[in-house]
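Here the structure is laid out as structure tokens; the discussion comes afterwards.
The values are calculated or read from the model by the stated rules, or taken from the named source; none is laboratory data. The shown structure was predicted, so the numbers you read here are calculated from the model rather than taken from an experiment. When we count neighbours, we look across all protein chains shown, and the Cβ atoms used for this are built from the backbone with ideal geometry, even at glycine.
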Amino acid sequence: MVDICFYFQVHQPYRLRQYSVFDIGNNHNYFDEEKNREICLKVARKCYLPTNLVMLELLKRHPDFKISYSISGVALEQFEEYAPDVLESFKELVKTGRVEILSETYYHSLAYLYSKEEFIEQVEKHKKLVKRLFNVTPTVFRNTELIYNNEIAKFIEGMGYKAIISEGLDNALGWRSPNFVYRPYTTDKIKLLMKNYRLSDDIAFRFSNKGWAEWPLTVEKFTQWANAVNGSGEIINLFMDYETFGEHQWEDTGIFEFLRHLPNEFLKHPDNGFVTPTEAARKFNAHDVVDIHNLSSWADIERDLSAWLGNKMQQSSIKELYIVEKLVKEANDKKLLDDWRKLTTSDHFYYMCTKWFADGDVHKYFNPYDSPYDSFIAFMNCLNDIILRLKEKDLKIEIKDN
Amino acid sequence: MKVLMFGWEFPPIKSGGLGTACKDLAKGLSNRDIDITFVMPYVPENHADEHVNLIGTNRLAKNFTVKKINSILTPYQTTDQYSEAKNTILYAKTGQKDVYGKDIFNEIERYSEAAKIIATEEDYDVIHVHDWMTYKAGIIAKSISGKPLVAHIHATEFDRTGGNPNDFISHREYEGLMAADIVIANSNFTKNNVMKAYNIPSEKIDVVHWGIDEDNPHYNLNYKDESPFKNGEKVVLFLGRVTLQKGPDYFVDAARKVKDHVPDAKFVVAGSGDMLPRMIEKAAHLGLSNDMLFSGFLKGADVHKAFQMADLYVMPSVSEPFGLVALESMKNNTPTLLSNQSGVSEVVTNALKTDFWDTNSMANKIIAALKYPALMEDLTENSFAESKKFNLDEPARKTIDIYNKAMNFCG
């Protein structure tokens, strides 16, 4: 028997406007409200609303159908503000009891790599928001961009989670398949769910590629591939961006029809089923131990962190961001802390990526800037304004002390 | 394949980018075994070039009445600027003082007359003309030989004059573009200008972006020690003609804004032109006298020295058909800030970019480049790496394809 475990990533960053050096000290309007609203509404119309509708139909029609989402805090915030109907439709899905919400950093950040303290605070903040909006408490963790290694797994186990999610890394798995539940090296209880990137990417990336030998991808064909796992695996982890539906793959590619009919086709085989990540962790024993020492992610061909931290602009800007973390917290200013935290979102660093020529089109997607250099300039100008705000605070404190 | 090429300047006799572009194209074509006869108004005695057969109309046969066409017309002059040019740039250029004609249009007529003789005597498969001064010569050659005519446009009259074209010149431009079998534009920017200004259909215009000559020995020389700035000043460079088209006034305005944020920044304006006195005054008026240096027109090694002493090269052009200088800067390891109103900004990824009129954005990016070392490092490294993409072979390859297409048109 084999189960499909669906996890969809839902995230929208607060994109920065072209905050100029002449704005520093004059205003703190770092974020491009108009553009963020516009993109949020556009993606809601093309993806979130229609896909949620399909999901709800599927959940009603198939009592065995289950899915999971990880929705960043900044995305949820924007839904509340710009697209409350999207939030409502997610709530409705969760109410079915067969839709799991995963845990992540509120700001979709790389905080784990730079500050454990900030990381924990962002995870807790996200957990609170999920509790408030959906009245559930997540038990499975997924780190930003599936950034993962043994140490992260161990840390997450310490935070009480039952499972963690990673890319299906070939060099870690070796001859083993991602279609089992594993145990991260050096951990005691936590389970590891690894993405089946081949089958996931068949939907997320290749679905509409007419140059692909398997095009067009039908539910029958995909089910055949999934059934082939029977006997050699227990679980197929289909992890992808939710924007796959209607945004990366446009409606006219037939992606919604594919989604609408996949569960029915897959469930024709009596041994097939669906699980959520938490159920998978409960249902399946760890098949083996997987040792992943180096930091990995689900990005690009390299599956490393070079899309966020590959060049000097990325490295220096994130370093300078976290240097002021302590001061920002000491300032005891909610708005300042929130502005700073919105800068921790990984997308800002992604936009600064200069390895364009190989993986260009994916990086350009949703990029509000013409160039990585402009992204860096806007980010650094914002950060310098934050530093100026901190200096002004310090001044006040000094005056008080005197 | 044999090409009869009509041009106006060819290094070392040149005043700007057109000469370099012609020479580089000729070199690239010659490396692909294309025979080129290059006709220009004046070639000094005993001067030759390894890649082309240079014909100066001044050296034509006896039965041609005018022996020398030592025109002072440069592609960048309009009639108004003629006398000024006569007194400055061109004397320095050729070292001769008394051979120039009096009327720029007269010069072109003489050059075009000479084309009759050359077009009859030479053997060629295709005619290639560079900018409006040579278009009439091309039309004449085509009418004599029936060979296909390729009209290359390096800059339109609208680019040169900021939208106030000289009627005679724009008419000549129009005639040449109409008569041509194929038009080559050096960028999509130029192509769009040609389509807008002259209503030439898109299908007739092919775009060939320029490359640079990697063999130029200057690129391998280190001139950094010769920089006059020894105290770690940040140097921002403007290099080009100081004329309306190149946007020097936007540079000066931006410099003023930069100065408030980066007090140790220095600005160098390298070039000459009709706006130079005004720019010097403007800099003084804005209190930049000590921080903005005017070097005058630079050539040869001095150009490379200027690039290498600069931290950032700014090209604030109002209308820049291509902008080869930007590639030279990148090749010299100096990153660039390019106006969006340029052809080169279409093809270069690793550059800062701005609209020329937005001096706040220009200043913002200059300041960022000077203040954030990580930006400077990544930009420098990536723009140098990208400069390697632009060689002489790719434009030559595309040009040969165009020759073949034109020859097919003409059966």
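Exactly one of (1) within 14 Å of chain B (Cβ to nearest Cβ); (2) more than 27 Å from A:Gln78 (Cα to Cα) is unmet by A:Asp304. Its number?
(1)
Quickly run through region A:237-255 and pick out the residues that are in contact with a helix residue (DSSP H, G or I) (Cβ under 6 Å, 6 or more places away or on another chain) and modelled with pLDDT of 95 or more.
A:Leu238, A:Phe239, A:Met240, A:Glu243, A:Thr244, A:Phe245, A:Gly246
Among the candidates A:Glu57, A:Glu92, A:Glu88, which residue alone is over 17 Å from the mean Cα position of the chain (by Cα), free of Cβ contacts under 8 Å to residues at least 12 places away in the same chain and either surrounded by fewer than 18 Cβ atoms within 10 Å (Cβ to Cβ) or not assigned by TED's automatic domain parsing to the domain that holds A:Phe245 (or both)?
A:Glu88
Of the residues that sit in region B:169-196 and are modelled with pLDDT of 95 or more and among the small types (Gly, Ala, Ser), which one is surrounded by the fewest Cβ atoms within 10 Å (Cβ to Cβ)?
Per the criteria, the residue is B:Ala179.
Could we say that A:Phe256 is surrounded by 16 or more Cβ atoms within 10 Å (Cβ to Cβ) and either in a helix (DSSP H, G or I) or not assigned by TED's automatic domain parsing to the domain that holds A:Gly168 (or both) here?
It is true that A:Phe256 is surrounded by 16 or more Cβ atoms within 10 Å (Cβ to Cβ) and either in a helix (DSSP H, G or I) or not assigned by TED's automatic domain parsing to the domain that holds A:Gly168 (or both).
Please enumerate the residues belonging to region A:2-31 that are within 23 Å of A:Gln78 (Cβ to Cβ) and either within 14 Å of another protein chain (Cβ to nearest Cβ) or surrounded by fewer than 17 Cβ atoms within 10 Å (Cβ to Cβ) (or both).
Of everything in region A:2-31, those that are within 23 Å of A:Gln78 (Cβ to Cβ) and either within 14 Å of another protein chain (Cβ to nearest Cβ) or surrounded by fewer than 17 Cβ atoms within 10 Å (Cβ to Cβ) (or both) turn out to be A:Leu16, A:Arg17, A:Gln18, A:Tyr19, A:Asp23, A:Asn27, A:Asn29.
Could you name every one of the helices (runs of 4 or more DSSP H) located completely within region B:180-290 that has at least 3 residues being more than 19 Å from the chain's Cα centre (by Cα) and closer than 30 Å to B:Arg397 by Cβ?
B:188-198
Scan B:Ser342, B:Ser329 and give me the residue that is closer than 16 Å to B:Phe238 by Cβ and touching an Asp or Glu at 6+ places or on another chain (Cβ under 6 Å).
One residue alone meets the criteria, B:Ser342.
From the list A:Ala299, A:Ala280, which one is away from every other protein chain (no Cβ under 14 Å) and at pLDDT 95 or above?
Result: A:Ala280 is the single residue among A:Ala299, A:Ala280 that is away from every other protein chain (no Cβ under 14 Å) and at pLDDT 95 or above.
Hey, does region B:330-339 have a residue that's under 25 Å from B:His154 (Cβ atoms), within 14 Å of chain A (Cβ to nearest Cβ), touching a residue at least 60 places away in the same chain (Cβ under 8 Å) and surrounded by fewer than 22 Cβ atoms within 10 Å (Cβ to Cβ)?
There is no residue in region B:330-339 that is under 25 Å from B:His154 (Cβ atoms), within 14 Å of chain A (Cβ to nearest Cβ), touching a residue at least 60 places away in the same chain (Cβ under 8 Å) and surrounded by fewer than 22 Cβ atoms within 10 Å (Cβ to Cβ).
Which members of region B:348-379 meet the condition of being buried (at least 19 other Cβ atoms within 10 Å of the Cβ) and more than 10 Å from chain A (Cβ to nearest Cβ)?
The answer is B:Val348, B:Phe356, B:Thr359, B:Met362, B:Leu370.
Please work out if A:Ala172 is crowded, with 22+ Cβ neighbours inside 10 Å, assigned by TED's automatic domain parsing to the domain that holds A:Glu100 and out of contact with any helix residue (DSSP H, G or I) (no Cβ under 9 Å at 6 or more places or on another chain).
yes
State which residue is nearest to the other protein chains (Cβ to nearest Cβ) when the search covers only region B:380-411 and only residues that are among the aromatic types (Phe, Trp, Tyr) and either farther than 30 Å from B:Asp181 by Cβ or buried (at least 18 other Cβ atoms within 10 Å of the Cβ) (or both).
Result: B:Phe384.
Among the residues of region B:251-271, write down those that are in contact with a strand residue (DSSP E or B) (Cβ under 8 Å, 6 or more places away or on another chain) and closer than 20 Å to B:Ser342 by Cα.
B:Phe251, B:Val252, B:Ala254, B:Val269, B:Ala270, B:Gly271
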